[in-house]
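Data first, discussion second: the structure below is written as structure tokens.
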Amino acid sequence: QVQLVESGGDSVQTGGSLRLSCTISGDTDGIYVIAWFRQAPGKQREGVAALYIDPDKPSYADSAKGRATISRDSNKNTVYLQMNSLKPEDTAMYYCAATKRTIIHVLSNSSYHYWGQGTQVTVSS
């Protein structure tokens, strides 16, 4: 069992920045990828960024390239999503996800076993 808890969501102005955190606990042995997804009301859930574990290697959606950075802290218990130059279109519930299996499409939500409950990001005009 893997437990993921997101935090750091907030309401910000266009152009602002946020750093989301995903704390990981439970049976973490064998986790292969940790990723961030988002879902706005009435829209499909979409991948934002993913991090292959050991060695850590990031992958980004086109919409996030140049504005987002995914990383893991030194004690390995937390994965971050730093988001800059936020736009109203970034408004969504953001979810952290993890998988223990080898996957091809790291930004597809069907690739992931475990999910957190989400943290809300709201970007106003």
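The values are calculated or read from the model by the stated rules, or taken from the named source; none is laboratory data. This is a predicted model, so every value here is computed, not measured. A quick note on method: Cβ atoms are made from the backbone with ideal geometry, for glycine too, and the neighbour counts reach across all protein chains shown. Side chains included, ligands, DNA and RNA excluded: accessible areas come from the protein's heavy atoms. Shrake-Rupley method; radii C 1.70, N 1.55, O 1.52, S 1.80 Å.
For Lys76, the lysines whose Cα falls under 23 Å of its own Cα, not counting residues fewer than eight places away in the same chain, are Lys57, Lys100.
For segment 82-112, backbone nitrogen atoms closer than 12 Å to the point 7 Å from Asp56 Cα along Cα-to-C-beta are found at 82. A 1.4 Å probe run over the chain, with the rest of the protein chains in place, finds 52 Å² accessible per residue. A simple spin-label model places the labels of Ala40 and Gln117 2.6 nm from each other, with each point 7 Å out along Cα-to-Cβ.
Among the trypsin sites (Lys or Arg not before Pro) found in segment 30-65, those both in a DSSP coil and sparsely packed, with 13 or fewer other Cβ atoms within 10 Å of their Cβ, are Lys43, Lys65.
Cα centroids of segment 1-39 and segment 54-97: how far apart, whole angstrom? Spelled out, the Cα-based centre of one part sits 8 Å from the other. Only one residue of Thr102, Ala92, Tyr80 has its Cα farthest out toward the positive end of the dipole of segment 54-103, where Lys and Arg carry +1 and Asp and Glu -1 on Cβ, and that residue is Thr102.
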